[in-house]
């Protein structure tokens with residue numbers, strides 16, 4: 001026995017409501033996933049900046065073993081063009097020649113390093129010497145003469 005469709009004009013497909021439900025599910029999934037992915041990207045960039053600063057710090061310390069003083073710039077150790085994950089150049093100040101007034105300072109206005117300062121301006125690309133300023137909160141810094149490398153917001 002052969003089965004025939006009820007009508008030769010019946011077309012199988014999705015209704016408008018089914019399509020709208022599918023689109024709504026996709027939109028909700030994207031709304032949940034995008035902030036998580038953005039947060040993951042931020043953490044990955046911070047981690048890369050911490051790694052880079054640690055490597056530059058090691059080169060600076062090796063330079064100081066041979067020369068007893070920090071280099072005048074990152075060019076002396078071959079890192080003058082090094083860019084942070086946000087595309088800005090890493091910042092460096094030789095405190096032995098620049099003086100205490102150019103040092104980055106913690107909330108008690110005490111310099112965070114004794115020989116040199118090394119940092120990334122972070123996501124916003126802006127920074128000021130005192131770590132307590134709002135534009136400095138996303139900076140990735142080297143502090144306590146290399147015993148801390150991380151976000152300013154995690155330092156204090």
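Okay, here's what the table says:
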item: Test: residue in region 16-32 that is in contact with a helix residue (DSSP H, G or I) (Cβ under 9 Å, 6 or more places away or on another chain) and exposed (fewer than 10 other Cβ atoms within 10 Å of the Cβ); result: no
item: Any hit, region 54-77, residues being loosely packed, with under 10 Cβ neighbours inside 10 Å, modelled with pLDDT of 90 or more and not in a helix (DSSP H, G or I); result: yes
item: Residues (within 21 Å of residue 122 (Cα to Cα) and without any contact (Cβ under 8 Å) to a residue 12 or more places away in the chain) located in region 48-73; result: 51, 55, 58
item: Matching entry among 107, 134, 128 (being modelled with pLDDT of 90 or more and over 21 Å from residue 75 (Cβ atoms)); result: 134
item: Selection from region 33-53 of residues that are surrounded by 12 or more Cβ atoms within 10 Å (Cβ to Cβ) and over 21 Å from residue 98 (Cβ atoms); result: 42, 45, 46, 47, 48, 49, 50, 51, 52
item: Cβ-Cβ under 6 Å pairs, at least 6 apart or on other chains, region 74-99 side free of Cβ contacts under 8 Å to residues at least 12 places away in the same chain, far side in a helix (DSSP H, G or I); result: 80/74
item: Criterion (on the phi < 0 side of the Ramachandran plot and out of contact with any strand residue (DSSP E or B) (no Cβ under 7 Å at 6 or more places or on another chain)) met by exactly one of 117, 66; result: 66
item: Leading residue by the ranking (surrounded by the most Cβ atoms within 10 Å (Cβ to Cβ)) among those in region 111-156 that are free of Cβ contacts under 8 Å to residues at least 24 places away in the same chain and part of a loop (DSSP other than H, G, I, E, B); result: 139
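The values are calculated or read from the model by the stated rules, or taken from the named source; none is laboratory data. Model, not experiment: these values are computed from the prediction. Virtual Cβ from ideal backbone geometry, glycine too; neighbours counted across all protein chains shown.
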